[in-house]
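Report on the following structure.
The values are calculated or read from the model by the stated rules, or taken from the named source; none is laboratory data. Not measured: the values here are computed from a predicted model. Don't worry about glycine lacking a Cβ; one is built from the backbone with ideal geometry, like all the others, and counts go over all protein chains shown.
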Amino acid sequence: MRIGVLALQGAFIEHERILSNLGAESFEIRQKSDFADMDGLIIPGGESTVMGKLMRELGMFDCVKKALEGGLPVFGTCAGLILLAKEIEGESPHLALMDIKVRRNAYGRQIDSFLSRAVIEEFSDKPMELVFIRAPWIEKVYGKAKVLCELDGHIVAARQDNMLVTSFHPELTDNHSVHKYFLNMIRGKA
């Protein structure tokens, strides 16, 4: 299994480490020519506005969007969630593929980052650490999107067909449950 990791900015190396630990091959996507021959894509956390702008400037925006529309499995964390959303409160969307409305920096600034614990049954029956860094939350899901986890009344994980998103950063913990779930999505087992 070969997973592309968008490596324009943000926490991409941590995703690569987990994929390697799970026996999946990963490679970095830094330019349009890197975007080829993959079984899935991870769009990491970082700065969504910068990532969206770089995808356009590097000419990869349309090929990423077309591949995801065609069913390529994708896992977006934090900024990746924002990039996939059809609606972003107060601004224009980027890829506009997933039936969700998000609020950027919903939990506050960098100083307001926090760690929580929750059981997310889709991923594991054991509590897992949820790391929130300038995180968004999902204001609403509609259409085909399904809520996977709420924390204190806010949606922090969702899935729609080939798209999985979390507002937290599972790549910054030792728990690989979310990445295992994503690999099982690719295999058609989740």
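Here are the numbers for this structure:
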{"read-out": "Every residue from the range 178-190 that is in contact with a helix residue (DSSP H, G or I) (Cβ under 6 Å, 6 or more places away or on another chain) and either among the hydroxyl-bearing types (Ser, Thr, Tyr) or part of a helix (DSSP H, G or I) (or both)", "value": "Val178, His179"}
{"read-out": "Selected residue (criterion: surrounded by the fewest Cβ atoms within 10 Å (Cβ to Cβ)) from residues of the range 31-59 that are under 21 Å from Met1 (Cβ atoms) and without any contact (Cβ under 8 Å) to a residue 60 or more places away in the chain", "value": "Asp37"}
{"read-out": "Which listed residue, of Glu69, Glu91, is of a type in the set (D, E, K, R) and modelled with pLDDT under 95", "value": "Glu91"}
{"read-out": "In the range 162-177, residue surrounded by the most Cβ atoms within 10 Å (Cβ to Cβ) [restricted to those that are assigned to a loop (DSSP other than H, G, I, E, B) and not aromatic (Phe, Trp, Tyr)]", "value": "Ser167"}
{"read-out": "The lone exception for Leu54 - which of (1) of a type outside the set (Ser, Thr, Tyr); (2) at pLDDT 95 or above; (3) more than 18 Å from Arg187 (Cβ to Cβ); (4) out of contact with any Leu (no Cβ under 6 Å at 6 or more places or on another chain) it fails", "value": "(4)"}
{"read-out": "Test: Asp62 is surrounded by fewer than 16 Cβ atoms within 10 Å (Cβ to Cβ) and touching a helix residue (DSSP H, G or I) at 6+ places or on another chain (Cβ under 6 Å)", "value": "no"}
{"read-out": "Matching residues, the range 142-175, being farther than 22 Å from Lys66 by Cβ, touching a Pro at 6+ places or on another chain (Cβ under 8 Å) and not acidic (Asp, Glu)", "value": "Ser167"}
{"read-out": "Elements of type helices (runs of 4 or more DSSP H) in the range 20-115, at least 2 residues being out of contact with any Phe, Trp or Tyr (no Cβ under 9 Å at 6 or more places or on another chain) and of a type outside the set (A, V, I, L, M, F, W, C)", "value": "48-57, 61-69"}
{"read-out": "Qualifying position, being under 16 Å from the mean Cα position of the chain (by Cα), in contact (Cβ under 8 Å) with a residue 24 or more places away in the chain and closer than 22 Å to Pro136 by Cβ, among Ile3, Ile13, Ile100", "value": "Ile100"}
{"read-out": "Conditions (1) surrounded by 14 or more Cβ atoms within 10 Å (Cβ to Cβ); (2) without any contact (Cβ under 8 Å) to a residue 24 or more places away in the chain; number of the one not met by Met128", "value": "(2)"}
{"read-out": "Residue in the range 116-125 that is of a type in the set (Gly, Ala, Ser), more than 14 Å from the chain's Cα centre (by Cα), part of a strand (DSSP E or B) and closer than 25 Å to Leu172 by Cα present", "value": "yes"}
{"read-out": "Residues satisfying the stated conditions in the range 134-161, i.e. in a loop (DSSP other than H, G, I, E, B) and out of contact with any helix residue (DSSP H, G or I) (no Cβ under 7 Å at 6 or more places or on another chain)", "value": "Ala135, Tyr142, Gly143, Lys144, Ala145, Asp152, Gly153, Asp161"}
